[in-house]
Structure formats: structure tokens, C-alpha cells
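Structure, as C-alpha cells:
Derivation of every value follows stated rules applied to the coordinates shown; laboratory data play no part. Predicted, not measured: the structure shown is a model, and the values here were computed from it. Note: ideal-geometry Cβ built from the backbone for every residue, glycine included; neighbour counts use all protein chains shown.
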Amino acid sequence: MAVNPKIRTPIVCVMGHVDHGKTSLLDRIRGSSVVSSEVGQITQHIGATIVPIEAIRSMSGTIGKIPINIPGLLFIDTPGHHAFTTLRARGGALADMAILVIDINQGFQPQTIEALQILRTCKTPFVIAATKIDRIHGWRVFENESFLSSFAKQNDRVQGVVENKTYEVVGKLSELGFSADRFDRVSDFQRNLAIVPVSAHTGEGVCDLLMVMIGLAQRYMGDALTLSVEGPGAGTVLEVKEERGLGTTLDVILYDGTLSIGDEIAVATQGDVIFTRVRSLLKPRPMKEILFEDRFEREKTVVAAAGVKVTAPDLEGVIAGSPFFVVRGNRDEIRAKIKKEMTEIHVNLVQEGIVIKADTIGALEALCKELEGKEIGVMRAEVGPVSRHDLIDTETIKNPVFRVLLSFNTPLLPDVVEMIKNPLYTQVKVFEGRVIYQIIDQYVAWRDEQKRLLDKQRFEHVVMPAKIRLMPDCVFRQSNPAVVGVRVLGGKLRSDVNLIKLDGKKVGHLKSMQLRQENIREADAGLEVAISIEGATIGRQLNVGDDLFVDVPERHVKVLEKEMLKSLNTSTQEILEEYTSMRRKTEPFWGK
């Protein structure tokens, strides 16, 4: 089957945990060495590589026998999940497919889980690349061979290790709700994830990975690839960068139509849409991840799908993750379309929750989805840097555990930094970071500690149930106040409480307690302490051997039974039940 010139190139996003080999895998596919060149040289890094179908055919004898009608694959690779959450089109994730890279020796890491959750949320088809098989002890290298061919030549022990590690990945995916198996054992790629063991270092299994990706694109993504390479261009701004000699530039992923020099384009800035004309288009050569401007190919026209650097006037302030369109016709219609996409943030906002800011709409939605999964409400969600106004708005939230702003991958403006340094200026707690799960974990840990402290403050004023017995030979003063030794039979005895007999009759006020001649505020079950009782005389209202309850007010019983019961120890729960049963003999609904 010949390549259809009107079908655009499928877009593949490469995701995975740090250091699991995402860029190394792409290096092997495109025959480059970005990994060794990254430090200090990535000023022009566009994060997109076209791999033409001819190159894919040459890498794999197997794939050469399959009828192919797509022009190749466009791989997107940027740190973390930034590319995936930034690239958006048609109200959802722009990537048609994804490769989730997992180090077969290290297994699942936090960012692996996060990537899976994002892929599930966006309903994006993906394949697992189980990398670094050559690091398995005893693995014999067969450069660039298919996995099955290389695997068959390994000894029994190595084969057993590979099988075990593969099924560890299968098991973890199953725990997370995904059905998966090694790619050669999968018959239905729509129902089961394919795991392709590979080595970026030796090239083993890479041809299998490309074969599976091509098969997925052709078999299951027909509708997604029907966007034409003809007509006005549409895409997403991946990054906005200042380039020496070029000024402000846009790294753009063109997903539909064509883009040419001289075209008028519409792009979004904070709160507005601007119109400008393309001065130049700089495109990486096929199979290359270009790091220096003079190695870009200058193009007059670029067709979808492609990564391209755009230069044009007035690009300052353009928002990464925003849509762009070639303008053919009514400007007002394009402006309305962009504004609609920029405001159509698919998040569920609540009346009481936290505030979040992020660098892109996609990142904002991903963060909201994760918060929703942890039952954390979001009151306001916006794209852009954190401003003084954001802090002032957040400070109006009444609940202190929601008086919080999460800043994901977006800067704090200078006056904000000064405000949060001084608690006199703001009571807002700000969490900032570049990894979704980390920023949420930080907030959850802080929130739980704040709740514990607030509960402690609140419950310190709740009168706790306790039962005591006046001990023989321990009357130190009969009255004014009476001082007597008691044993705490159950519950938690605190000072400054009223005491009653088992029939409910009040007998006095416990003013203070001593243990070994030192003042204490509370005593647990089993302790023997001396207490002073105001308003009672031993031998009249009280006698040695009497049992007494702490007189717990009705409103405090409601708090104890409805809010604190699980936190009370067994002894205190038993005394509370005994005390309320005594009260409810005469008043059945007392304390309910």
C-alpha cells in the first residue's frame, strides 16, 4: 500500500520516569546523540523529531513486509510530562499515541505512575517500552536484532530473568487497572497493552517497537489521522523562547494543514489574541534533533504533522500550550475560537477548595484530575504566573487547610515572593514544583498536619469522660477544698471539671491534681493521684469507696460520639458508653 499524501504524520509522545532512557531510545531510532550534547547546548531544542517511513523500513526487515500508508512518525520528547500536558488540540491531548518508557530493572517509579494516570485520563493509546534489557546480568548482545531473535539466543537463566521482570511489569499494570502482556503474546491491541523489551544502547527490540507503533497507528487510529495536510495550518505552541539573532520564537507542533512564510497567524497571550505574520520557518531535518540554529532547514512551507520553529513580530507574552491558527478569512471567528479553547478548561470547580496555577491548560487539567482523584477540591484554576492578586484572592478562603495555592511549573512574580516570605503580609501557603505527584504529596502532608493541630486545639477544650474511685486511707483534707487520693478506673481524667455520682447528683468541682507531689493536668486509666475537690466535704457529700463520673456536658458528648469516637482509646470509649447510658435512663435522647 502506498503512502497516502493526504494523511498526516501520527504524533507520538515519549514519556517516562527521569533517567529511564527516553532520549536514549529516540537517539537509537534517529541515529543521533542528543543525550551526550544536552548540557549547555540545548538553547534551540525543539523537542520534535520526524522519522520518515523509509527510515523505519530500513530499520526493520519485518516492518518492510507490512502495507504502510502513513508518511512516518513525529516523536515528541521533552522533560517529564511537560510535552504531553502542553500539546493540545480539539479539546484534548494532541498526541495520537505514546510510548511509556520503563527501566525493566528498576520497574515503576513515581513519574511512571503519573504518566499512566495522564494517559488514562486522556484516553491515549500507548505502548510500554521496557528498556535496558542489556543491563540484565549475563545478557549477550546482538546489535539491532529483534527482541525475539536476541531473546532466543540467551541462556535459560537470562531468559528466566527477562520473563520474571516482564511479568513484574504486567502485575503492576494489572494492579493499576491495565491488562498487558509482551507484544508477541497480544492479539487484541485495543484491549491489551503491548510491552516491548528493548535496549537503546544496543538497538535490540527497537524494530519491534516501531512495528507495533506503525501497526497501532494504521489499525486503530484511522479517524485521528484523517486531518488533512491541506488547508490552513493549526497547531499548538510547545515553547516560547528568546533566541539570539532571532528574537522571541515559537516552537510549534503543526497538527493540521499547512503553514507558510507570510501567513497571518493568530496566537494567544494572557487575556488577549494577537495577529502577526510569519517571517521564517526553521525545521529540523528528518531523523535529527537539532541543537544549533544554523542546522535548521529554512522552509517556505511546512505540512502537518511537524515540529517547527516560527519567527514573527510581537510574540512576547504568547502562552505555551495555547492554540495557533493560520488566518484565512474572518479574524473575529478565529479570535473567538482561540478564546473559547483558552477558557474551555475541563476541570470540576467547587465552592470550597484550593487555588491552582499552571503554565499550560493541559498541565492545569492534569493537576486538577489528580487532585480530584484524591478528593481535594479546586475552587479556582488558571494558567499563568502567580500574582499578588492571586494571593489576595486565596487569602479570602475561610477554611485554613484550603487557604493554599499550588503553583505547577509557573513562576512566582517578584512581589509574591516577598509576600510569602513574611507571614504579616499573607497567610496563604504556597506550594510550587515541576512534578505533579510531588506538589500534591507536599500539600497533603501539610494539610494532614494542619488538621491534626487544629483538631488538637479544638479537642483540648472538650471535657473527656472519666470514672474515679476514692481510695481508703487517702483523705488528706476533708473540705475547703477536700483533698483525697483516687484511682482512675477508666477514661482520661483532667483538672478543672465537675464531678457527679453514679445517680447523676453533682458533688463538687475537681480543681487540681497531683502525682508524686507534682501538679499534672491529666491522668490516664490505672493511675492513682491526689485531687482537690471544691464544694464537697468528705463524710457528707462524699465517702471513701465512692465511684464518681466526670460531668461531661451534653454538647461535648455530641462531639465525642460524632467526631472523636475513633480517636478515643478503648477505656475512654467504655466509660463514655457507661456515662451516656446512665444519663439516658431518665432522658433517652440526651446527647443525641
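Structure values in brief
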quantity: Rounded to 5, percent antiparallel among DSSP beta bridges of the chain; calculated: 70
quantity: Neighbour count of at most 15 Cβ within 10 Å plus DSSP loop: longest GluC sites (Glu not before Pro)-free window in the chain; calculated: 461-592
quantity: Shape of the range 466-584, Cα gyration tensor, a/c cut at 1.5; calculated: prolate
quantity: Likely footprinting exposure, Thr269, Thr166, Thr131, Thr249, fewest C-beta neighbours within 10 Å first; calculated: Thr269, Thr166, Thr249, Thr131
quantity: Within the chain, helix-based [θ] at 222 nm, where runs of 4 or more DSSP H residues each add -39,500 (n - 2.57), nearest 500; calculated: -8500 deg cm²/dmol
quantity: Length-normalised contact order for the range 115-265 - Cα pairs under 8 Å, 6+ apart - percent; calculated: 21
quantity: Length added when fully stretched, Asp156-Arg135, from 0.36 nm per residue minus Cα-Cα; calculated: 5.9 nm
quantity: The range 124-148-the range 329-377 distance, computed between alpha-carbon centres (Å); calculated: 39
quantity: Calculated from backbone phi, Karplus (6.51, -1.76, 1.60) coupling profile of the range 546-563 in Hz, x at Gly/Pro; calculated: 5, 9, 10, 9, 6, 7, 8, x, 4, 5, 6, 4, 4, 5, 4, 6, 9, 10
quantity: Which label in [x] 100, 57, 47; [y] 84, 60, 41; [z] 107, 65, 45 gives the computed Cα extents along the principal axes in Å; calculated: [z]
quantity: Simple label model, 7 Å out from Cα along Cβ direction - Phe178 to Lys562, nm; calculated: 4.5
quantity: Alpha carbon Rg of the range 234-338, scaled by the compact-globule rule 2.2 N^0.38 Å; calculated: 1.00
quantity: Segment Val544-Arg120, extension gain: residue separation times 0.36 nm, minus the distance between their alpha carbons; calculated: 145.6 nm
quantity: Pairwise FRET efficiency - Gln106 versus Gln457, Cβ, R0 = 45 Å, nearest 0.05; calculated: 0.55
quantity: Least to most buried among Arg28, Arg335 (fewest other Cβ within 10 Å first); calculated: Arg335, Arg28
quantity: Chymotrypsin sites (Phe, Trp or Tyr not before Pro) restricted to DSSP loop in the range 505-592 with at most 16 other C-beta within 10 Å; calculated: Phe589, Trp590
quantity: Overall form of the range 349-459 per C-alpha gyration tensor (a/c, 1.5; a/b vs b/c); calculated: oblate
quantity: Whole-angstrom gap from the range 462-529 to the range 546-591, using each part's C-alpha centre; calculated: 17
quantity: Folded to 0 to 90 degrees: helix 206-220 orientation relative to the chain principal axis, Cα; calculated: 90
quantity: In range of the label at Leu413: residues from the range 261-280 whose backbone nitrogen is under 12 Å from the point 7 Å along Cα→Cβ; calculated: none
quantity: Tilt relative to the chain, helix 331-343 - C-alpha long axis, 0 to 90 degrees, to 10; calculated: 40
quantity: Furthest towards positive pole of dipole, Thr570, Leu515, Ile531, structure part the range 466-584, Cβ charges; calculated: Ile531
quantity: Folded to 0 to 90 degrees: helix 156-175 orientation relative to the chain principal axis, Cα; calculated: 60
quantity: Estimated dipole of the chain in Debye, rounded to 20 [Cβ of Lys and Arg +1, of Asp and Glu -1, Cα centre]; calculated: 900
quantity: Additional length obtainable on full extension of the chain from Arg331 to Ser581, 0.36 nm per residue less Cα span; calculated: 82.4 nm
